[in-house]
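The values are calculated or read from the model by the stated rules, or taken from the named source; none is laboratory data. Here the structure is a predicted model, which is why all the values come from computation and not from measurement. Note that each Cβ is placed from the backbone with ideal geometry, even for glycine, and that neighbours are counted across all protein chains shown. For the accessible areas, the whole protein counts, side chains as well, though only heavy atoms, and no ligand, DNA or RNA atoms are used. Shrake-Rupley method; radii C 1.70, N 1.55, O 1.52, S 1.80 Å.
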Amino acid sequence: MEDTGAEFIKLVLSVNDITEIAGIFQLLSQSQVPTIAYSVGERGLISQILCPKFGGVLAYGSLEGNPVLGLPTVDSLKQTYKVEHINEDTKVFGLVSKPVGHSKGPILHNPTFRHVNFNGIYVPMFVDDLKEFFRTYSSPDFGGFSVGFPYKEAVMKFCDEVHPLAQSIGAVNTIIRRPSNGKLIGYNTDCEASITAIEDAIKEHGYDNGKTSISSPLAGKLFVLAGAGGAGRALAFGAKSRGARVVIFDIDFERAKSLASAVKGEARPFEDIVNFRPEKGAILANATPLGMHPNTDRVPVAEETLCDYQLVFDAVYTPRKTRLLKDAEAAGVITVSGVEMFLRQAIGQFILFTGKEAPKEFMREIVLAKF
């Protein structure tokens, strides 16, 4: 195509895996003629957003109200990603997940990077094969990753080192690439984020557990957990560390039993949670995808059981107020949205990604305005 003498070259591909986009980036960086190259489809999303970093001369976006799968909107390219500021020195961070369409990470991390003058970009990464992904994107350009559903447990074996807290939990939600040697280090910022959000909500409502003010308001309480995956493990270990009694329901009963054993709790079949009646004042935490967009009508428990709980927490944050939280509010129960957990874990991630102090109030303002 270069030999034709064209002033510009445009190449549009369809990839079956995000790792194939590395070839597009290589093409852009080596082309002798101004080149436009990208992939269509959800797995090709980063090819448009990151093209300026690798020498692409044009990024495409779809118009509002006329969405194209895998193509960012013009507004997001200008406002969320600000592609005009991306250059070859920009550090790439992103969410490793499947799917990724629900992620609010770019809306929070990118403005925060700019707020502290950090040359970074945060993008959604639809990953099918973790091994191939980390093998392909192994350069210092890719400085770190958030890890989402369903990879928080599986990703641990691709880390060169795992922080002791994440190791004990058995789940990683944050990875950074150590600049000195390129090693991948795994962390868990979900645990403290979720538990402190629950504790603070109880304290704000003036409740305690009859213990001293030093102890957690979760001490001695029954903590009912739906889901034993990555987020569930973080919640279970956090609740156990605060002295709660944990009972776990998961669709994979063996997984529930394994987690229950690790936190000295109790495991029960998932179907039993629907009509489970806990002791008064218990805590309910949903760490399953039930209620996540687009299946927003699904809930893990029966509505009539909610009045037995003191507080209901939902790790799902799209939508912000899930049906579970709406039903719990109607039952007069304290509720905590997954948005609060998301914000707090993102603050922890920002510190790990940048090595800078997180502008907490700025980040909270973004969440309140846009989530």
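Among the numbered criteria (1) open to solvent by 20 Å² or more (accessible area, probe 1.4 Å); (2) hydrophobic (A, V, I, L, M, F, W, C); (3) under 29 Å from VAL100 (Cα atoms), which one does PHE276 miss?
PHE276 satisfies every listed condition except (3).
Can you spot a residue in the range 49-68 that is polar (S, T, N, Q), surrounded by 14 or more Cβ atoms within 10 Å (Cβ to Cβ) and under 20 Å from PHE134 (Cα atoms)?
no
Among the residues of the range 306-319, is any in a loop (DSSP other than H, G, I, E, B), of a type in the set (A, V, I, L, M, F, W, C), open to solvent by 20 Å² or more (accessible area, probe 1.4 Å) and out of contact with any strand residue (DSSP E or B) (no Cβ under 7 Å at 6 or more places or on another chain)?
no
Any chance you could count how many residues in the range 104-134 are of a type outside the set (Phe, Trp, Tyr), open to solvent by less than 20 Å² (accessible area, probe 1.4 Å) and not in a helix (DSSP H, G or I)?
6
Find the residue count for the range 3-17, including only residues that are more than 27 Å from LEU45 (Cβ to Cβ) and either among the charged types (D, E, K, R) or in a strand (DSSP E or B) (or both).
The total comes to 2.
Among the numbered criteria (1) open to solvent by 30 Å² or more (accessible area, probe 1.4 Å); (2) modelled with pLDDT of 95 or more, which single criterion is violated by HIS293?
The number of the failed condition is (2).
Across the range 339-371, what is the total count of residues that are farther than 23 Å from ALA234 by Cα and without any contact (Cβ under 8 Å) to a residue 60 or more places away in the chain?
The qualifying residues number 6.
Would you call VAL100 within 30 Å of ILE366 (Cα to Cα), out of contact with any helix residue (DSSP H, G or I) (no Cβ under 7 Å at 6 or more places or on another chain) and not in a helix (DSSP H, G or I)?
Yes; evaluated as a whole, the condition is true for this residue.
What number of residues within the range 279-290 satisfy the criterion of being closer than 22 Å to TYR151 by Cβ and surrounded by 19 or more Cβ atoms within 10 Å (Cβ to Cβ)?
5
What single numbered condition from (1) farther than 20 Å from ARG344 by Cβ; (2) buried (at least 22 other Cβ atoms within 10 Å of the Cβ) fails to hold for ASN173?
(1)
Name the residue that is farthest from ALA193 (Cα to Cα), counting only residues in the range 236-259 that are surrounded by 21 or more Cβ atoms within 10 Å (Cβ to Cβ) and among the small types (Gly, Ala, Ser).
Residue satisfying both the conditions and the ranking: ALA256.
Could you give every pair whose Cβ atoms fall below 7 Å, whose first residue belongs to the range 225-237 and is closer than 13 Å to VAL316 by Cβ, and whose second residue is in a helix (DSSP H, G or I) and open to solvent by 10 Å² or more (accessible area, probe 1.4 Å), counting only separations of at least 6 or pairs across chains?
none
Could you please let me know if THR174 is under 19 Å from VAL367 (Cβ atoms) and of a type in the set (Val, Ile, Thr)?
The answer is yes for THR174.
Return the residues of the range 144-169 that are open to solvent by less than 50 Å² (accessible area, probe 1.4 Å) and in contact with a helix residue (DSSP H, G or I) (Cβ under 8 Å, 6 or more places away or on another chain); say none if nothing qualifies.
GLY144, SER146, VAL147, TYR151, LYS152, ALA154, VAL155, MET156, VAL162, ALA166, ILE169
Report, ordered by the first and then the second residue, all pairs with beta carbons closer than 9 Å, sequence separation of six or more or different chains, a first member in the range 2-16 that is polar (S, T, N, Q), and a second member that is modelled with pLDDT of 90 or more.
SER14/SER39; SER14/GLY44; ASN16/ARG43; ASN16/ASP128
Is there a residue in the range 154-177 that is among the small types (Gly, Ala, Ser) and either more than 30 Å from ASP128 (Cβ to Cβ) or in a strand (DSSP E or B) (or both)?
no
Scanning the range 320-341 for residues that are in a helix (DSSP H, G or I) and open to solvent by less than 20 Å² (accessible area, probe 1.4 Å), which turns out farthest from GLU279 (Cα to Cα)?
VAL339
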